[in-house]
1. Please go through the residue pairs Lys128/Lys151; Lys87/Lys128; Lys138/Lys161; Lys124/Lys151 and name each one whose alpha carbons sit more than 18 Å apart in this structure.
2. When only Cα pairs under 8 Å and 6 or more residues apart are kept, what is the percent relative contact order across segment 54-175?
3. Quick one: Karplus J couplings for segment 8-18, per residue in order, coefficients 6.51, -1.76, 1.60, θ = phi - 60°, nearest Hz, x for Gly and Pro?
4. Segment 4-81 to segment 100-174: how many Å between their Cα centroids?
5. Charges at C-beta only: +1 for Lys and Arg, -1 for Asp and Glu. How large is the resulting dipole of the chain about its Cα centre, in Debye rounded to 20?
6. Can you tell me the order of 166-173, 34-41 when each peptide is scored by its average per-residue count of other Cβ atoms within 10 angstrom, highest first?
7. Consider just the alpha-carbon atoms of the chain and return their Rg together with their Dmax, both in angstrom.
8. Please work out the average accessible area per residue across segment 1-107, using the 1.4 Å probe convention, and give it in Å².
Amino acid sequence: LPMFQILVAYGIVQSFLLAKRGLPSHLYSFALIGVILFALFNVAYYLEDYHTHYAKRFSHEWQYGYKDAIAYISQVENKYDKIYMTKALGRPYVYTLFYKQYDPKKFRSEAIVQREVLGFVTVKSFDKYYFDKEEVQKTQEKNILYIDTPKDVPGNALLQKKFYLLNGEESLVAY
């Protein structure tokens, strides 16, 4: 795995050994200081980008909206018979279990799980949480809270709350 890093480090060491033999000491010191400053600049650039910009640019990749959506659900879940959460951002049941600190034994006893041929598992529902919109819409119940992506919200939906990414874009919508 680290083969590229090993080759680069080896090349840098060999370059410095060649330069030490072929350059006067003041030029060698100048080159060494230049390489060290360049390396420090790159490390500082990486750390600044990672801690300042990365989270804003890629919060959608980390399913950022689920935490806020589940906090909202926890406040209003007693008003609804069923709660649907979209699978568009990933596997929402994992985030629901984690952020709600759901009891694993209770989850295992009530989860409706579909196993695929290759061994993958899809959790369809547990308790009042559903992750398959078609299954929820088959029922005649009207008291359903939907957590969905903005593009999948029907035009006649009664919007409850919007959840945003760190860059200000809408991530999820409760309706």
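1. As for pairs spanning more than 18 Å Cα to Cα, those are Lys128/Lys151; Lys138/Lys161; Lys124/Lys151.
2. 33
3. Per-residue couplings from phi come out as 5, 4, 4, x, 5, 4, 5, 4, 5, 5, 5 Hz.
4. First find each Cα centre; the distance between them is then 35 Å.
5. Dipole of the chain, to the nearest 20 debye: 260 debye.
6. Top of the packing list down: 166-173, 34-41.
7. Expressed in Å, the Cα Rg and Dmax of the chain come to 26.1, 86.
8. Working: 8020 Å² over 107 residues.
Heavy-atom SASA per residue in segment 1-107 reads 75 Å².
The values are calculated or read from the model by the stated rules, or taken from the named source; none is laboratory data. Just so it is clear, the model here is predicted, and its values are computed rather than measured. Neighbour counts run over all protein chains shown; Cβ positions are idealised from the backbone, glycine included. Surface accessibility is based on the protein's heavy atoms, side chains included, excluding ligands, DNA and RNA. Shrake-Rupley method; radii C 1.70, N 1.55, O 1.52, S 1.80 Å.
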